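Peer 1: Sharing a structure below in structure tokens format, with a few things to ask.
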Amino acid sequence: MKRVLLTSLAIAAAAVGAFFLGRQGADAPKDTSAIPSTAASAQQRADLQTSDPVRRHAEFGNFLTQLTADEAAARAHEIWSAAGEPQEIAERKRLFCYAWGQVAGSAAIEFARKQPGVGKVAAISGALAGWASKDPLAAKQWIEARLEPNERLLHGWALVDGWARHDPKAATDYVLGLTNIPGTDRFIRSIALEMTRQSGPAASEWAEALPQGPLRETGIDEVAASWARTAPGFATNWAFALTDSPLATRAVDRAVTEWARVDGEAAGAYLEGQPASSVRDAAVSAYIAVLAAEDLHAVSAWAATIRDSNLREQSLRRIAGEWMARNVEATLAWLPQSGLSAEAQRQIGAAEQTR
């Protein structure tokens, strides 16, 4: 039984990753037809076939915003047989089913379930998410009535994703009610993103109010990362202020990593003003991991400010390993001034000689 459950979870994780990242493969195109609307003008049809990706995506988006249930049913096979780049085709199918799900949820799902190929799961998930964004209770009832337990887990992410767009607090209540089902802490990621979009700073209160355990950890991580992309100072201040040290460490790691990728200079200036603490150590470790991608020599001075010697050594070893894989000479030249212990330098050099 345990093996079956783990297998189902593995399948679910793969399917959900593909759903959110839009990397599902596509069926082989059957012809080279365009993706027109019955009401589309000749110019719109031409725009949907254009080699200009911006114009093509804009026209497809316009087509979807005007989609009706009858239009979707009439054009579904045409969408499935349209030619194009595999990744674009897969994403097109998912978005089409999402829009169809908003106007006729069960019809969109039933169509997607009958289609062959690896794009099928993403299309079903898209339809469920679209349906849940408009009528989450109906989508939930359909899942419970029509799907086996392992399929419910597989598509549960889509239900929560759409539900969060409709009402993130109600979606939270739904997830909190899913007891004794492993892996549902991942559902909270979609809600965290919508909370930061819809509720602003209240998203941090929402995350802190989650019950202790994986749900709360995931919620705080995701809020910190989401906020760091748009309000990095706020996100990092909040993360540092968390009273739960392990959670603060995780949140600071996410916030500083996102901030450093966008504006390394500002993130560094912020960290310089923080007093020494275990949370600051974690923040500096996250910061130098990003900094090392462009400036290996600046890493050493920052690493020296990490009070936790084990964390400092682990951080520098990881950076040395990444650099050794792409520039051996630069790494070996840096090691004596890296801040790594003599034994660590010896081990890294010896490992390189045995390659």
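The values are calculated or read from the model by the stated rules, or taken from the named source; none is laboratory data. Everything quoted here is computed from the prediction, not taken from an experiment. Because the Cβ atoms are built from the backbone with ideal geometry, glycine has one as well, and the counts that use them run over all protein chains shown.
Peer 1: Tell me which of these Ile109 doesn't satisfy, since it passes every other one: (1) in a helix (DSSP H, G or I); (2) within 26 Å of the chain's Cα centre (by Cα); (3) surrounded by fewer than 17 Cβ atoms within 10 Å (Cβ to Cβ).
Peer 2: (3)
Peer 1: In contact with an Asp or Glu (Cβ under 8 Å, 6 or more places away or on another chain), under 23 Å from Ala203 (Cβ atoms) and not aromatic (Phe, Trp, Tyr), is that true of Arg152? Give the steps one after another, and end with the answer.
Peer 2: On the way: in contact with an Asp or Glu (Cβ under 8 Å, 6 or more places away or on another chain): yes; under 23 Å from Ala203 (Cβ atoms): no; not aromatic (Phe, Trp, Tyr): yes.
Against the criterion (in contact with an Asp or Glu (Cβ under 8 Å, 6 or more places away or on another chain), under 23 Å from Ala203 (Cβ atoms) and not aromatic (Phe, Trp, Tyr)), Arg152 does not qualify.
Peer 1: Taking segment 219-247 as the region of interest, how many residues are surrounded by fewer than 21 Cβ atoms within 10 Å (Cβ to Cβ), under 30 Å from Thr179 (Cα atoms) and hydroxyl-bearing (Ser, Thr, Tyr)?
Peer 2: Qualifying residue count for the region: 2.
Peer 1: May I pose another question? Which one is surrounded by the fewest Cβ atoms within 10 Å (Cβ to Cβ) among residues in segment 127-160 that are free of Cβ contacts under 8 Å to residues at least 12 places away in the same chain and hydrophobic (A, V, I, L, M, F, W, C)?
Peer 2: Restricting to residues being free of Cβ contacts under 8 Å to residues at least 12 places away in the same chain and hydrophobic (A, V, I, L, M, F, W, C), the top hit is Ala145.
Peer 1: Anything in segment 269-298 that is in a helix (DSSP H, G or I), small (Gly, Ala, Ser) and under 19 Å from Gly233 (Cβ atoms)? List them, or say none.
Peer 2: Within segment 269-298, the subset in a helix (DSSP H, G or I) is 269-272, 278-291, 296-298.
Within this subset, residues satisfying the condition of being small (Gly, Ala, Ser) are 269, 278, 282-283, 285-286, 289, 298.
Passing the criteria: Ala269, Ala282, Ala283, Ala286.
Peer 1: Please verify whether Ser315 is surrounded by 14 or more Cβ atoms within 10 Å (Cβ to Cβ), at pLDDT 90 or above and either within 26 Å of Ala207 (Cα to Cα) or not polar (S, T, N, Q) (or both), treating the condition exactly as stated.
Peer 2: Spelling it out, it is not the case that Ser315 is surrounded by 14 or more Cβ atoms within 10 Å (Cβ to Cβ), at pLDDT 90 or above and either within 26 Å of Ala207 (Cα to Cα) or not polar (S, T, N, Q) (or both).
Peer 1: Let me ask something else about it. Quickly run through segment 105-125 and pick out the residues that are touching an Asp or Glu at 6+ places or on another chain (Cβ under 9 Å) and of a type in the set (Gly, Ala, Ser).
Peer 2: If the condition is that a residue be touching an Asp or Glu at 6+ places or on another chain (Cβ under 9 Å) and of a type in the set (Gly, Ala, Ser), then Gly105, Gly117, Gly119, Ala122, Ser125 are the ones that fit.
Peer 1: What about Arg92, is it within 20 Å of Ala158 (Cβ to Cβ), surrounded by 14 or more Cβ atoms within 10 Å (Cβ to Cβ) and of a type outside the set (Phe, Trp, Tyr)?
Peer 2: yes
Peer 1: Name the residues in segment 248-269 that are of a type outside the set (Val, Ile, Thr) and either buried (at least 21 other Cβ atoms within 10 Å of the Cβ) or under 18 Å from the mean Cα position of the chain (by Cα) (or both), would you?
Peer 2: Ala248, Arg250, Ala251, Asp253, Arg254, Ala255, Glu258, Trp259, Ala260, Arg261, Ala267
Peer 1: Please work out which residue is nearest to Val299 (Cα to Cα), limiting yourself to segment 238-267 and to residues that are part of a helix (DSSP H, G or I) and charged (D, E, K, R).
Peer 2: Residue satisfying both the conditions and the ranking: Glu265.
Peer 1: Now for a different question. Please go through segment 299-349 and give me each residue that is assigned to a loop (DSSP other than H, G, I, E, B) and among the charged types (D, E, K, R), ordered by number.
Peer 2: Listed by number, the residues that qualify are Arg307, Asp308, Arg326.
Peer 1: Another question, then. Kindly indicate whether any position in segment 90-105 is under 26 Å from Arg186 (Cα atoms) and at pLDDT below 50.
Peer 2: no
Peer 1: Separate question: How about segment 63-82: which of its residues are over 17 Å from Ala107 (Cα atoms) and surrounded by 15 or more Cβ atoms within 10 Å (Cβ to Cβ)?
Peer 2: Phe63, Ser81, Ala82
Peer 1: OK, next. Can you name the residue in segment 138-185 that is among the polar types (S, T, N, Q) and part of a helix (DSSP H, G or I) and is also nearest to Gly105 (Cα to Cα) among such residues? If you could, list the steps in order and put the result at the bottom.
Peer 2: The first filter runs over segment 138-185 and keeps only residues among the polar types (S, T, N, Q), leaving 141, 150, 172, 179-180, 184.
When the remaining residues are screened for being part of a helix (DSSP H, G or I), the result is 141, 150, 172, 184.
Working: Gln141: 12, Asn150: 21, Thr172: 22, Thr184: 23 Å.
Filtering segment 138-185 for residues that are among the polar types (S, T, N, Q) and part of a helix (DSSP H, G or I), the one nearest to Gly105 (Cα to Cα) comes out as Gln141.
Peer 1: Determine whether Leu247 is at pLDDT below 90 and closer than 29 Å to Trp206 by Cα. Talk me through it step by step, then tell me what you get.
Peer 2: Values: at pLDDT below 90: yes; closer than 29 Å to Trp206 by Cα: yes.
Yes, satisfied.
Peer 1: Moving on. Please go through segment 112-126 and give me each residue that is touching a residue at least 24 places away in the same chain (Cβ under 8 Å) and either within 24 Å of Glu194 (Cα to Cα) or in a helix (DSSP H, G or I) (or both), ordered by number.
Peer 2: Val121, Ala122, Ala123, Ile124, Ser125, Gly126
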